[in-house]
Amino acid sequence: MTDTHKNSPGNPSAGSSESPAEAARRLRAQIRRHNALYFQEDRPEIPDDAYDRLLRELEELEKAHPELAKGSPTAEVAPPPAGRALNEVIHDTPMLSLDKALSVQEILDFEDRVKRFLGSNELFGFYTMPKFDGLAVELNYDKKTLILASTRGDGRRGEDITQNVRTIDDIPKTLGPGAPEGPLFVRGEVYMEKDEFSRLNEEREEMGLSIFANPRNAAAGSLRQLDPTVTQQRNLKFFSYGLSDPKMAQAETYGELMKNLGHWGFPVEASKASKVNFNLAEALAVFRDLEAGRDSLPFEVDGLVITLNDLGLWDRLGATSRAPRYAVAAKFKPRAAKTRVLNIEIQVGRTGALTPVAFMEPVMVSGVRVAQATLHNEDELKRKDVRVGDFVILQRAGDVIPEIVEVDLEKRPVGLIPFVFPKACPICGTPSVRKEGEAVSRCPNRSCPAQIEARLIHFAHKNALDIDGLGQKVAAQLLSNNLVKLPTDLFKLTVQDLKSLPRFGEKSALKLIEGIDQARTKALWRFVNALSIRHVGERVSQVLADNFDSLAALSSATNDQLQAINDIGPEVAKSLLDFFQSPLNHHFLADLMDPALVNPTKTPPQAEGNLSDKRFVLTGTLKSMTRAEAKARVQAKGGRVLSAVSKETDYVVAGEASGSKLTNAQKLNLTILDEEAFLKLLG
């Protein structure tokens, strides 16, 4: 990694003129910069393992030269919050970090340190739990009622996020039977599931916004919003893992503490990795199993927390200024790969966004063959300085999105030139535009062939009109043969038109025409989403369809009418008005409002499926499909998938490790489906 230093920590001058003091200053500057990016700005530039190596190098240097340790970031939990409008909260008991073990030997060293400190050779019992990749928070309850929520911050000072936390379904607002009446400080992790992370990033890319690097940053950015309604839309989750004062748990062991938290109404992680292990050998077996099977979890984990189970030993062991001595975070090996960049191309999206994409020699990352990765925008490309011919470190952000982490500068061939971002659209030549405050450059020409093709593909996408058989190749054929100029020209095609195209026979032509005919009466929200309006994705389309009876009504809505709708802010309203008032869209909109061509329905017709108007809530992990696939199948049958359980919910689908949603469903006597019943309902 380019941020690490190669010299021996105890003797940094080996092969270098750098003194120990100079090495310490360099490492501190790098670590503090990366701390600020990670904790304050939620946009890390290097992966966790590269950061861990920097920190370890500084720790080893300070061991060899104790005089350099004063005021070091190795003694800090995190930098204090900076530049935020959220109110400051002082933690009564510091929220510490965890020491990390980067190898099996370091896990064994942890137990040896405990034995030396206690002066004992006894076999200890440990409690293991996945190390969630989220944001640590503290919840303050009084008389069993949530009164305050805060981030960890620097361990002593956090930020008040109470209003945002109240939007998270998993977090109880009132505690259940047996919970202490007096002040109770519960600690846990707010996180985002992988499916939600993918959905959010897809929506942000549609809106021309920068995407989140991983689920942890998505959760942190969502939780630290100044507007709670934004947090509510992000579908965050929560696991509790402890108390500021374990004595309040009325327990003798950590395992009992976790059980009590569950009884009081808090979700606790309940996979095979969360259990009491009699010795460290069993804990190591859990570590290996979790590392091998972490892809099957619905949330991202980067290690296993190994904690002494006996709470009585916690007081005896105490803590350093940074971390407790009774626990360690055993980190997994990074899932990354190295490959070479063959080319960088600028792709033009349906809203005109110019996106640099790196094409690479194919490589396997987390079990998936990856050959290309987005570089997002001009600023990101310049920051990483990726050049054609470079060797790069590649990972899948949150195990989903291929991402270039950094360039291996030591392997950079001599003479590679920096990539120059174009000032004009590479397809139509129109000068690009980058608005103030935006990261994305755009082609403003809506007649640009690349935009037209991208809009046509989106028009037929499964989250829009879902026209089977109309992919990129068919779209390109229709456009190049002048059979389609606007997406609505699809509704004017005939079988004879399609049969004139290469590789189109009677059967394939009939199938595509049948798919187009079925799209004519799809749900209104699908038509709204198909319009390719900036800032209007699937969720906003559904909100608009809930508030307007037709495209004609939506097209004539005023700014005040739009902004009176929950979830529609000034930016979305302006984008809608610009779209419907633009002369460039006149013919397109006229076709969409022609009942002879299309007839959008307010709600999905019964013909779309047997689940019309049925409301579903999904919880836990399904074996046969991902959360996103389950949602798509429900919607394909005419149903709706909601994020929260209420008395209006028709079905709660409960997979493995279901959380508080299942509990709430049971309290409301709702219909609960296991996976087998759910599949039967889907047919």
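The values are calculated or read from the model by the stated rules, or taken from the named source; none is laboratory data. None of these values were measured; they are calculated from a predicted model. We place every Cβ from the backbone using ideal geometry, glycine too, and count neighbours over all the protein chains shown.
Observations on the structure shown:
- Any hit, the stretch 445-457, residues being under 24 Å from residue 536 (Cβ atoms), hydroxyl-bearing (Ser, Thr, Tyr) and loosely packed, with under 14 Cβ neighbours inside 10 Å: yes
- Test for residue 248: is it hydrophobic (A, V, I, L, M, F, W, C), at pLDDT below 90 and within 17 Å of residue 139 (Cα to Cα): yes
- Looking only at residues of the stretch 106-131 that are among the hydrophobic types (A, V, I, L, M, F, W, C) and within 12 Å of residue 316 (Cα to Cα), we find that the one that is surrounded by the most Cβ atoms within 10 Å (Cβ to Cβ) is 114.
Conditions tested, residue by residue: (1) in contact (Cβ under 8 Å) with a residue 40 or more places away in the chain; (2) of a type in the set (A, V, I, L, M); (3) closer than 24 Å to residue 113 by Cβ.
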position	(1), (2), (3)
269	yes, no, no
276	yes, yes, yes
284	yes, yes, yes
287	yes, no, yes
319	yes, yes, yes
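- Out of 440, 363, 433, 405, sole residue that is in contact with a Lys or Arg (Cβ under 9 Å, 6 or more places away or on another chain), at pLDDT 90 or above and either of a type in the set (A, V, I, L, M) or closer than 29 Å to residue 133 by Cβ (or both): 433
- Residue in the stretch 348-365 that is outside the structural domain of residue 203 (by TED's automatic domain parsing), surrounded by fewer than 21 Cβ atoms within 10 Å (Cβ to Cβ) and polar (S, T, N, Q) present: yes
- Of the helices (runs of 4 or more DSSP H) lying entirely inside the stretch 502-581, the ones with 2 or more residues being farther than 18 Å from residue 599 by Cβ and not assigned by TED's automatic domain parsing to the domain that holds residue 642 are found at 506-519, 538-547, 559-563, 570-581.
- Checking every residue in the stretch 646-664 against the condition of being at positive phi and in contact with a helix residue (DSSP H, G or I) (Cβ under 6 Å, 6 or more places away or on another chain) gives zero matches.
- Filter result (over 23 Å from residue 269 (Cα atoms) and at pLDDT 85 or above) within the stretch 670-683: 670, 671, 676, 677, 678, 679, 680, 681, 682
- Test: residue in the stretch 352-364 that is among the charged types (D, E, K, R), under 30 Å from residue 120 (Cβ atoms) and part of a strand (DSSP E or B): no
- Inter-residue pairs, beta-carbon under 6 Å, first on the phi < 0 side of the Ramachandran plot and in the stretch 488-500, second acidic (Asp, Glu), 6+ apart: 488/591
- Residue count, the stretch 211-259 (criterion: out of contact with any Phe, Trp or Tyr (no Cβ under 8 Å at 6 or more places or on another chain) and basic (Lys, Arg)): 4
- Residue ID - nearest to residue 313 (Cα to Cα), chosen from residues in the stretch 251-293 that are among the hydroxyl-bearing types (Ser, Thr, Tyr) and either modelled with pLDDT under 90 or not in a helix (DSSP H, G or I) (or both): 253
- Checking 645, 617, 598, 652 one by one, the residue that is crowded, with 18+ Cβ neighbours inside 10 Å, part of a loop (DSSP other than H, G, I, E, B), modelled with pLDDT of 80 or more and not assigned by TED's automatic domain parsing to the domain that holds residue 233 is 598 and no other.
- Residue, surrounded by the fewest Cβ atoms within 10 Å (Cβ to Cβ), within the stretch 272-296, restricted to residues that are in contact with a helix residue (DSSP H, G or I) (Cβ under 8 Å, 6 or more places away or on another chain) and under 30 Å from residue 625 (Cβ atoms): 272
- Verdict on residue 421 being at pLDDT 90 or above, in contact with a Leu (Cβ under 9 Å, 6 or more places away or on another chain), outside the structural domain of residue 382 (by TED's automatic domain parsing) and in a loop (DSSP other than H, G, I, E, B): yes
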